[in-house]
Amino acid sequence: MTQLHTQSEARGFFVDCIVNQAQRDGVSLSDDERQMLLWSESEQDSVGDPALAQRLSAVISDADYEAKIAGLLSRCFAHDVASDPGRKQAWSKAMNILRKGDYYLLVMLDQSVGPKLKPWWRFW
């Protein structure tokens, strides 16, 4: 199982997943789209460049970008769990670690796999 201990490692886990799934799907990710995956208000090594958000929104709407990334995450999750059902635990752990910070990536994670990682006894 993937060893994840820090928010940076958890973020890297998901960014790698997105990039790999995009390659499998033949979907291109621009440099700005990749950089936006690193956006955080809380992490010191994160991108916090307002010009990045402006450049990206000039090319793709926030809703379209979020749908694109959420789709890649959803397909990557399905691929990972189909390959190894134990990977679901790694995804859950990575999300729990990432939730300790303020990451834009969590918006897409919640849209795509959040409900699949929630324990059955939690209704909200």
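Summary of values
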quantity	calculated
Which numbered condition Ser30 misses (of (1) open to solvent by 60 Å² or more (accessible area, probe 1.4 Å); (2) of a type outside the set (A, V, I, L, M); (3) over 12 Å from the mean Cα position of the chain (by Cα))	(1)
Count of segment 87-108 residues which are in contact with a His (Cβ under 8 Å, 6 or more places away or on another chain) and in a strand (DSSP E or B)	0
Complete set of residues in segment 68-86 that are in a helix (DSSP H, G or I) and either farther than 17 Å from Val19 by Cβ or free of Cβ contacts under 8 Å to residues at least 12 places away in the same chain (or both)	Ala78, Val81, Ala82, Ser83
Test for Arg24: is it modelled with pLDDT of 95 or more, of a type outside the set (Ser, Thr, Tyr), surrounded by fewer than 14 Cβ atoms within 10 Å (Cβ to Cβ) and in a helix (DSSP H, G or I)	yes
Test: residue in segment 110-122 that is over 11 Å from the mean Cα position of the chain (by Cα), at pLDDT 90 or above and either assigned to a helix (DSSP H, G or I) or surrounded by 15 or more Cβ atoms within 10 Å (Cβ to Cβ) (or both)	no
Failed item, numbered, when Asp32 is tested on (1) over 16 Å from Leu4 (Cβ atoms); (2) at pLDDT 95 or above; (3) in a helix (DSSP H, G or I)	(2)
Single residue of segment 48-87 satisfying the filter (open to solvent by 60 Å² or more (accessible area, probe 1.4 Å) and polar (S, T, N, Q)) that is modelled with the highest pLDDT	Ser83
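The values are calculated or read from the model by the stated rules, or taken from the named source; none is laboratory data. As the structure is a computational prediction, the values presented were derived from the model and not from experiment. Glycine gets a Cβ as well: all are built from the backbone with ideal geometry, and neighbour counts include every protein chain shown. Accessible surface is based on the protein model in full, side chains and every heavy atom, while ligands, DNA and RNA are left aside. Shrake-Rupley method; radii C 1.70, N 1.55, O 1.52, S 1.80 Å.
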